[in-house]
Amino acid sequence: MANQRMVVTWSGLFCDDVGNGPPVSGRIQRRFRRGCTHAFGATGVGRPGRWRRWRTQAPFLRVGLRHADAIRPAHRLALMADVPEFHPPPAGGPARGWHYVGPLTDRPRPESHVACLDDGWDTSRPLVYLTLGSSGRPADYLPGLIDTFAASPYRLVVTTGGRAGVPPVPDGVRVFDYLPGEWILARAQVLLGVVGIGAIYQALRQARPVLCWAEHADQRAHLARVEALGLGRRLWSRRLSSGGRGAPPAGGPSPEPAQVLEAIDELLAEGDALRTRCRAFAVHLTARDGGEVAADVFERHLESAPPPRPPRLGPPA
């Protein structure tokens, strides 16, 4: 689940989905269609085609530069699918026009009983949820991890997203192409794997710690915040494989499957202190409905008065 950013200007509309997450809620989509006509047709606002022609003319550029401080903030609306408690704003708060709305993740109806998760195995053993993520290098480490977990005190649920074929697995391990992460996390003790901000927020919303490794720059930044907040740890991995082969990355050793189990043991050994931190942070996420907040902010923006049009350049005095 990914972080989504929406930027709205009075001269156009630009949607940027940063990652592989669900679409913005249906409520926002309906208001997009209803509001774009208002935005493009507002007094003193040119349509995108005219905007492109105007910006090539030197007089327009001179006016724009002269009034940039007054015009630019009024033209911009940026919705950040984050919470300030996780990714804080710079000193002085977010720039004008930027709004935290909270995570934009789908939340399926909670299920008290899911047969594929609750039946046919020993549910007294702690459950670990491993997600392979939606992108990155092939998951050649998966067979080694499965073999290691089979001989451990943990149960393992894996979601592959269709990115890996898996041979028959031993008791205590179950593999699915897709299953709602919320259902698994409601039963799991820890989130493991390659994750983006969407999966991290899914886990933290349910007060579950995160023990993951990064394959992209944004994942490194997110996991650094997880560690700083005491909500989990980052595993260092450039080559995680069944034998732990390959040169270790700068900054830490490459974990072998046995090291993954050791890291889980160490993390869960923090016990009540870890659970208390995770529960406290979950309050910041459960208090926000990202789709509803984003729709409200977007609607207020459309209902507000358009920015004043810059004065035209007249003939020289």
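Here, each number is a calculation from the coordinates, and none is a lab measurement. Computed from a prediction, not measured in an experiment: that's the story for all the values here. Methodologically, a virtual Cβ is constructed for each residue, glycine included, from the backbone with ideal geometry; neighbour enumeration extends over all protein chains shown.
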### Task
Sort 119-130, 293-304, 89-100 for me by packing, meaning the mean count of neighbouring Cβ atoms within 10 Å per residue, highest on top.
293-304, 119-130, 89-100
### Query
Which order do D265, D289 fall in if you start with the one that has the fewest other Cβ atoms within 10 Å?
D265, D289
### Query
How many nm separate the modelled label positions at S124 and A280, each set 7 Å beyond the Cα in the direction of the Cβ?
3.4 nm
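Could you list L191, L179 in order of exposure, starting from the residue whose Cβ has the fewest other Cβ atoms within 10 Å? Mind showing how you got there, number by number?
Numbers: L191 26, L179 19.
The order, fewest Cβ neighbours first, is L179, L191.
Just order 180-187, 279-286 by mean Cβ neighbour count inside 10 Å, highest at the front, would you?
Numbers: 180-187: 20.2, 279-286: 15.0.
Highest to lowest by the protection proxy: 180-187, 279-286.
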### Query
Cβ under 13 Å from L211's Cβ, L211 left aside: what net charge do those residues give with Lys, Arg +1 and Asp, Glu -1?
-2
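Using unit Cβ charges (K, R positive; D, E negative) and no other charged atoms, how large, in debye to the nearest 20, is the dipole of segment 105-191 about its Cα centre? The partial results should precede the final answer.
Working: 8 positive and 10 negative charges, 41 e Å.
That gives a dipole near 200 debye.
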## Note on the structure
Rounded to one decimal in nm, the spacing of the 7 Å Cα→Cβ label points at C116 and R288 is 3.1 nm
